1. All but one of (1) surrounded by fewer than 22 Cβ atoms within 10 Å (Cβ to Cβ); (2) modelled with pLDDT of 95 or more; (3) in contact with a helix residue (DSSP H, G or I) (Cβ under 9 Å, 6 or more places away or on another chain) hold for Ile79; state the number of the condition that does not hold.
2. In the stretch 83-101, is there at least one residue being surrounded by fewer than 21 Cβ atoms within 10 Å (Cβ to Cβ), modelled with pLDDT under 90 and either touching an Asp or Glu at 6+ places or on another chain (Cβ under 6 Å) or closer than 22 Å to Arg235 by Cα (or both)?
3. Give the number of residues within the stretch 361-396 that are of a type in the set (Val, Ile, Thr) and not in a loop (DSSP other than H, G, I, E, B).
4. Please give the number of the condition Cys199 fails out of (1) over 17 Å from Asp447 (Cβ atoms); (2) part of a helix (DSSP H, G or I); (3) not polar (S, T, N, Q).
5. With respect to the numbered conditions (1) assigned to a helix (DSSP H, G or I); (2) closer than 13 Å to Lys230 by Cβ; (3) modelled with pLDDT of 95 or more, which one is the sole condition not fulfilled by Asp331?
6. Confirm whether Thr334 is free of Cβ contacts under 8 Å to residues at least 60 places away in the same chain, β-branched (Val, Ile, Thr) and in contact with a strand residue (DSSP E or B) (Cβ under 6 Å, 6 or more places away or on another chain).
7. Just checking, does the stretch 174-181 include any residue being over 27 Å from His320 (Cα atoms), out of contact with any strand residue (DSSP E or B) (no Cβ under 8 Å at 6 or more places or on another chain), of a type in the set (Phe, Trp, Tyr) and in contact (Cβ under 8 Å) with a residue 24 or more places away in the chain?
8. Whether any residue in the stretch 397-407 is charged (D, E, K, R), closer than 18 Å to Tyr330 by Cα, touching an Asp or Glu at 6+ places or on another chain (Cβ under 7 Å) and not in a helix (DSSP H, G or I) is what I want to check.
Amino acid sequence: MKSSIRGNQSLGDNIELARRESGQQLGKLSSEQLDALIKATATHGFSKQELATAKAFVTSVAQQNSPNTEVAQKLLAAISRGRAAQGSLKRLWADIHDKFFQKGTLPTTAWQDKVPSQPEIDRWKQQIGKVQQSLLRGNDDLQQIDRGFHQKQLFGGLAELELRSDLPESLRFGPFKPSADGSAAKLKAAVRFSNGQGCPFMDSAPDVRGVAIKLLDQEGESWDILATNKQTFARDAEQFMKFAEVNAVAQTTGENLPGALAFVAGQGAAGLDLTAKLLKSAARKGLEKLGGPDLPEAEDWDTKEALRVATTLSKDTVLHRPDSLATESYDGGTFRTPEGHLAKILLEPRKTAQATETDRDDPNYLSQEFTQQLAQGPVSFEVKIKLYTGNGDPTEAHDPWNPSRSYTLGTLNIKAPENEKLAQQVNKMAFNPARGFSPAQMTHARDEIYAESAKNRGAMAEELSREVIKES
């Protein structure tokens with residue numbers, strides 16, 4: 001068979017094509033394919049990007065216990081030697097050519113994961129406990145420890161995911177496997193829509209909106225999908241937890257920190273200093289009211305980074321106020337597919353979706369509007385999987401993944417709950433972005449943080465959650 005490896009393709013694409021053509025289990029590459037990869041990479045000189053891709057490939061196969069460990073190491077060594085040996089002009093040309101003419105177009109296994117240390121995870125687990133305690137002590141609307149984020153439920157009910165029967169083999173994993181007879185599977189699910197804050201603010205308050213889905217696969221096991229209508233502002237878990245802790249104490253003073261940050265972000269150059277001061281002031285004011293422990297993290301905000309956060313929140317929460325949960329798109333957490341690709345789940349509204357007439361001054365207008373949507377029939381979303389196609393670049397949680405590829409998995413149909421008890425049961429469920437899926441990037445940390453949060457609030461046991469979905 002003629003090889004698809006070409007010198008005018010990115011190294012990431014060539015590695016992926018070689019894996020597909022290997023014919024071996026787990027895409028084991030041969031010595032001939034290794035030679036072809038080195039030769040193709042040398043076509044326009046060995047670039048800095050190709051060196052990064054090779055390093056990411058080595059890291060990726062090591063994390064997956066892949067049979068390509070030796071091949072990856074030899075590829076990296078060859079590119080390292082080649083780049084060191086070529087002249088400065090050739091090196092410059094290789095970098096320019098790779099930057100402008102060789103973008104990745106295929107899902108790749110050559111991406112860099114970032115796994116936090118256990119001390120970091122332990123610290124974040126303590127922080128989420130502090131957040132939950134702060135919200136309880138400082139908010140009269142909370143009677144017991146509740147979620148640290150996404151406290152206010154806007155809808156809780158059941159849904160059905162109808163999968164496509166023609167999914168490519170690489171996407172037929174976990175809950176997305178077809179039925180035994182090859183027909184499209186239909187999976188039961190619980191669905192919870194919510195506001196992003198840890199306090200039950202009015203729906204008109206600046207905020208993100210979230211959706212959590214608990215799917216039951218054909219064996220009855222749980223797979224959780226968590227997504228928000230805007231991609232996270234945070235670079236990583238450390239930054240997110242730092243903001244969460246400051247934001248929690250700000251909420252206890254009656255302030256909506258995203259809204260305040262968004263305001264100062266619009267103050268031009270003066271907003272730089274104002275934003276950092278607001279972050280620190282919010283923590284101090286909350287601590288004075290609560291008499292809580294010191295928060296040195298509040299003093300650590302880099303001024304320019306604080307402005308980036310405020311600007312992002314301004315665009316996502318103040319300038320964007322949804323008319324309906326049914327017309328929003330939702331961006332999910334990251335995970336690793338069985339083939340080693342970096343992926344996330346997306347929800348997109350049907351093209352004909354429109355908001356219904358509702359009083360947007362109502363403090364619960366999003367819940368009311370969604371109820372009106374359901375009165376007309378099931379609310380549907382197209383469920384997609386998005387696969388990273390970069391060239392081994394390090395990714396952060398807020399990166400847009402450009403380029404990437406998306407594939408439609410099926411349609412999620414949400415129906416009106418039969419009674420209020422079901423909504424209460426969904427509200428008690430614990431949703432975790434790493435349940436079922438293999439975590440990647442920030443999801444490593446979210447796995448532990450969400451589990452700790454659920455334990456602190458006495459969430460419903462997973463076995464009982466599955467029974468609720470099965471019997472409803």
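1. With (1) surrounded by fewer than 22 Cβ atoms within 10 Å (Cβ to Cβ); (2) modelled with pLDDT of 95 or more; (3) in contact with a helix residue (DSSP H, G or I) (Cβ under 9 Å, 6 or more places away or on another chain) applied to Ile79, the lone miss is (1).
2. no
3. Pass one, the stretch 361-396, residues of a type in the set (Val, Ile, Thr): 371, 379, 383, 385, 389, 395.
From what is left, the residues that are not in a loop (DSSP other than H, G, I, E, B) are 371, 379, 383, 385.
So the count comes out to 4.
4. Evaluating Cys199 over (1) over 17 Å from Asp447 (Cβ atoms); (2) part of a helix (DSSP H, G or I); (3) not polar (S, T, N, Q) leaves (2) as the failure.
5. Only one criterion is unmet by Asp331, namely (1).
6. Working: free of Cβ contacts under 8 Å to residues at least 60 places away in the same chain: no; β-branched (Val, Ile, Thr): yes; in contact with a strand residue (DSSP E or B) (Cβ under 6 Å, 6 or more places away or on another chain): yes.
So Thr334 fails the test.
7. Within the stretch 174-181, the first condition is being over 27 Å from His320 (Cα atoms), and the residues that meet it are 174-181.
Narrowing further to those that are out of contact with any strand residue (DSSP E or B) (no Cβ under 8 Å at 6 or more places or on another chain): 177, 179-181.
From what's left, of a type in the set (Phe, Trp, Tyr): none.
The answer is no, given that none of the residues of the stretch 174-181 is over 27 Å from His320 (Cα atoms), out of contact with any strand residue (DSSP E or B) (no Cβ under 8 Å at 6 or more places or on another chain), of a type in the set (Phe, Trp, Tyr) and in contact (Cβ under 8 Å) with a residue 24 or more places away in the chain.
8. First, pick out the residues of the stretch 397-407 that are charged (D, E, K, R): 399, 405.
Adding the requirement that they be closer than 18 Å to Tyr330 by Cα leaves 399, 405.
Still in the list and also touching an Asp or Glu at 6+ places or on another chain (Cβ under 7 Å): none.
The answer is no; no qualifying residue exists.
The values are calculated or read from the model by the stated rules, or taken from the named source; none is laboratory data. The model shown is predicted, which means the values in this text are computed figures rather than measured ones. When we count neighbours, we look across all protein chains shown, and the Cβ atoms used for this are built from the backbone with ideal geometry, even at glycine.
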